[in-house]
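Accompanying notes for the structure given below.
The values are calculated or read from the model by the stated rules, or taken from the named source; none is laboratory data. All values derive from a computational prediction rather than experimental measurement. A quick note on method: Cβ atoms are made from the backbone with ideal geometry, for glycine too, and the neighbour counts reach across all protein chains shown. Surface accessibility is based on the protein's heavy atoms, side chains included, excluding ligands, DNA and RNA. Shrake-Rupley method; radii C 1.70, N 1.55, O 1.52, S 1.80 Å.
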Amino acid sequence: MSDLVTTSMVSTELTSADLESILQSTIQLAKTAGKLILEGSQAIQWASDNNVNEKKNAVDLVTEYDVRVEELVRKEIQEKYPHFRFIGEESYSAGTRPPLTDEPTYCVDPIDGTTNFVHGFPFACISLGLIYKRRPVLGVIYNPFLDHLYSGVKGQGSYLTRGSAPPLRLPLSSQPKPLPSLSKAVIGM
């Protein structure tokens, strides 16, 4: 990544090479955060399985791990990209509402799928997006329970990586057929 991108975003455009570098960093960050998500899931399940009668219940543990994951992500982003802005679901909900500007801004949901997370269903993930000039330009979604990673960069396509297998370009089928009506859709609730 160019030195100008890391030192001053005011006069610098993000290039395709910059976005590729940021993508690789974001993927590593998602995997690191995924380890903390798994730790939180184990703590919640252990507390539930052992009928722990303490101050902390499952909801408290979810909130704790949501905040811990967001703080881990915020810290890593600030160290790697000190001039990037940050919007996190937990801090936003708590009242920290930075304005969306043209500056590169990470938008993060630390544990996307909280209900699944608290009940031990393996369908929760971390979602990280990069917004630049008020438009999404990069996204990474990582489900640490299934080791599925979805990634995409504007203009470069989106991919699914399962474990250590090579990335698969999305959509997985060569020609997805449009649904004739919603009666043919599968909707999960």
- Here the residues of the stretch 61-89 lying in the modelled label zone of residue 21, meaning backbone nitrogen under 16 Å from a point 7 Å along Cα-to-Cβ, are 77-84
- Scoring only Lys, Arg, Asp and Glu (+1, +1, -1, -1) among other residues with Cβ under 13 Å from the Cβ of residue 163 yields +1
- Query: For labels at residue 162 and residue 35 in the simple 7 Å Cα→Cβ model, what's the distance in nm?
  - Reply: 2.5
- Item | Charged-residue dipole, Cβ positions (Lys, Arg, Asp, Glu), the stretch 80-155 about Cα centre, Debye nearest 20 | 360
- Taking the Cβ of residue 124 as the center, what net charge do the other residues with Cβ under 11 Å away carry, scoring Lys and Arg +1 and Asp and Glu -1? -3
- What is the packing order of peptides 83-89, 156-162, taking the mean over residues of other C-beta atoms within 10 Å and listing the highest first? 83-89, 156-162
- Query: Fully extended, how many nm does the chain gain between residue 148 and residue 135 (0.36 nm per residue separation, minus their Cα-Cα distance)?
  - Reply: 2.2 nm
- Message: Can you give me the distance in nm between label points at residue 64 and residue 45, each placed 7 Å from the Cα along the Cα-to-Cβ direction?
- Response: 1.8
- So how do 80, 133 rank on accessible area, 1.4 Å probe, biggest first, that is with the largest at the start? 80, 133
